[in-house]
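Before any comments, here is the structure.
The values are calculated or read from the model by the stated rules, or taken from the named source; none is laboratory data. Predicted model only: the values in this text are computed from it and were never measured. In this analysis, Cβ positions are derived from the backbone assuming ideal geometry, glycine residues included, and neighbour counts consider all displayed protein chains.
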Amino acid sequence: MSEIRWLEEVEKRKEDLLAELSGLLRIESVLDESTAGPQAPFGRKIAEALEYMLQLGEKDGFTTKNVDGYAGHIEYGEGEELIGLVSHVDVVPAGEGWTSPPYAPEVRDGKLYARGAIDDKGPTMAAYYALKIVKELGLPLSKRVRLIIGTDEESLWRDMKVYFEREEMPAMGFSPDADFPIIASEKGLLDIRLSGKTEEQPAGEDHWTMVEFKSGQRVNMVPDYAEVKLIGEGDVFELKEKVQDFLLTHRIQGYAEENNDGVTIVIRGQSHHGSEPHKGLNAALEMGRLLGRIPLDPSGQTFVNLLNDLLIDDFYGERLGIAQEEEVLGKLTVNAGVFEYVLGQEQFIRINVRYPLSGDSEDILNAIAAKMLPYGLTITEVDHKAAHHVDHSHPLIQTLSKVYEEQTGKKAQVLAIGGGTFARVLDTGVAFGPLFPGSEETAHQRDEHISLDDLFRSTAIYAQAIYELAR
Ligand SMILES: [Zn+2]
């Protein structure tokens, strides 16, 4: 067979690709359980986006299947072995401040703007057109190829749980939902909720009573704001001076303010992704450091001691007794992301632990539980995703590297990351694009976009990858 010019094949179809992608982008497919129903577990709009893709597949003569609205697939080819591509059509909420409406796709300066343009509707359509090109060229395949379309990637991955309970696990595959060149290793993830009761005690003159401690929204982010309310009979002026002194010596933003029922202290930190907690400034832990200098009621004191004894200045789990490191994925990291303490009610802390290939989730949980016990906290919720790794000598990586290098002329570096990509739903899967090195990352942000060049280039790469993996 004469050499296939993959990018030219994409160029021939680019008007159709853009039109069909625009239709998909117009669907506001944000998780909405208020409209959930039969065949629509995550809401009407997400179900509509899934059905949009499956109908496209049907129209173009593919075999399709909708697995009760949880996920679906579009299949082509024949053979024993199955190659899988895993993407998703749910999106995060648009948020404010867009230049053009988030669900009215618009091209400006060679870039396509819309919520989902790069995460992950653009790549879903790129993968679909890749499969379509392979089909229309009539290339002989010895394996089946399935584009598996998820619907709950932005939340809890319940889509893939149900899908793979019922459907075949591909022998290998990739997910177009992260970065090029190839991500082959991802840390294990443990989101842990620790909680306990708080105890009300009579106020005393020698201490302040902590009535509330609140910080953080998401377990996988370094919290950039912490707020505490103290009540008591003590000297407010002296307290405010202590706070001021702390803020100055540690060069931290914040303030203490007297109000009707006590004193409110606010500390501002620096937000950062939870996979690199050392790059942020954790407002809650700095608050803990400050409160460590102020006499508190026994219950509040225990909470503050916990922060100081087990979490402050320790991003690698040394004090929790879970520190470890190996060559591929590096060090275990700990991010303490959400804190809430309400006197007379409940206290909880949510922490995000990312462990390398040496890690054992049970050992880590047991160690944390033992350390937390003296402070009155127990583990009440765990969300676990095991560490993921595909050996660099595996044919999957060899093939994708070859395709990437042929089409881009650049070295296909195989990456290991602390974050989690959708590729880990596959037993043998890697993340492969769509974001090229040097391109701007706009997923989850306002004015999310993908450059048309990148969209077409990734479609060409996926088409050749499908052909090479399934030929
Ligand atoms: Zn995504």
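The residues listed here are Glu80, Glu153, Glu96; of these, the one that is in a loop (DSSP other than H, G, I, E, B), within 22 Å of the chain's Cα centre (by Cα) and over 24 Å from Arg424 (Cβ atoms) is Glu96.
In the range 19-31, the condition of being within 16 Å of the ligand (Cβ to nearest atom), modelled with pLDDT under 95, crowded, with 16+ Cβ neighbours inside 10 Å and part of a loop (DSSP other than H, G, I, E, B) is met by no residue. The combined condition, being within 16 Å of the ligand (Cβ to nearest atom), over 21 Å from Leu310 (Cα atoms) and not assigned by TED's automatic domain parsing to the domain that holds Ala283, is not fulfilled by Gly409. If Val236 satisfies every condition in (1) modelled with pLDDT under 95; (2) within 29 Å of the chain's Cα centre (by Cα) but one, which is the exception? Looking at each condition in turn, Val236 falls short on (2).
Is the range 272-285 home to any residue that is within 20 Å of Gly376 (Cα to Cα), surrounded by fewer than 23 Cβ atoms within 10 Å (Cβ to Cβ) and among the hydroxyl-bearing types (Ser, Thr, Tyr)? Looking through the range 272-285, none of the residues is within 20 Å of Gly376 (Cα to Cα), surrounded by fewer than 23 Cβ atoms within 10 Å (Cβ to Cβ) and among the hydroxyl-bearing types (Ser, Thr, Tyr). Filtering the range 289-310 for residues that are over 13 Å from Met210 (Cβ atoms), within 26 Å of the chain's Cα centre (by Cα), without any contact (Cβ under 8 Å) to a residue 60 or more places away in the chain and surrounded by fewer than 21 Cβ atoms within 10 Å (Cβ to Cβ) leaves an empty set. Considering the range 99-122, the residues that are within 16 Å of the ligand (Cβ to nearest atom) and part of a loop (DSSP other than H, G, I, E, B) include one that is surrounded by the most Cβ atoms within 10 Å (Cβ to Cβ), namely Gly116.
Among the residues of the range 126-169, those that are within 14 Å of the ligand (Cβ to nearest atom) and not hydroxyl-bearing (Ser, Thr, Tyr) comprise Ala126, Ala127, Ile148, Ile149, Gly150, Asp152, Glu153, Glu154, Leu156, Trp157, Asp159, Met160.
Taking the listed residues Ala423, Ala465, the one that is within 16 Å of the ligand (Cβ to nearest atom), at pLDDT 95 or above and under 17 Å from Gly84 (Cβ atoms) is Ala423, with no other qualifying.
Residues that are small (Gly, Ala, Ser) and touching a residue at least 12 places away in the same chain (Cβ under 8 Å) within the range 33-76 comprise Ala40, Gly43, Ala47, Ala49, Gly57, Gly61, Gly69, Ala71, Gly72, listed in sequence order. Of all the residues in the range 209-249, those that are crowded, with 18+ Cβ neighbours inside 10 Å, touching a residue at least 60 places away in the same chain (Cβ under 8 Å) and of a type in the set (Lys, Arg) number 0.
Every condition in (1) under 18 Å from Met125 (Cα atoms); (2) in the same structural domain as Leu307 (by TED's automatic domain parsing); (3) aliphatic (A, V, I, L, M) holds for Met372 except the one numbered (1). Considering the conditions (1) touching a helix residue (DSSP H, G or I) at 6+ places or on another chain (Cβ under 6 Å); (2) within 13 Å of the ligand (Cβ to nearest atom); (3) charged (D, E, K, R), Asp179 is excluded by exactly one of them, (1). The number of residues in the range 197-210 being in contact with a helix residue (DSSP H, G or I) (Cβ under 8 Å, 6 or more places away or on another chain) and assigned to a strand (DSSP E or B) comes to 3.
Taking the range 324-356, which residues are among the aliphatic types (A, V, I, L, M), crowded, with 18+ Cβ neighbours inside 10 Å and assigned to a loop (DSSP other than H, G, I, E, B)?
Leu329, Leu332, Leu343
Looking across Gly188, Gly173, one residue alone is away from the ligand (no atom under 15 Å from the Cβ), at pLDDT 95 or above and over 27 Å from Ile364 (Cα atoms). It is Gly173.
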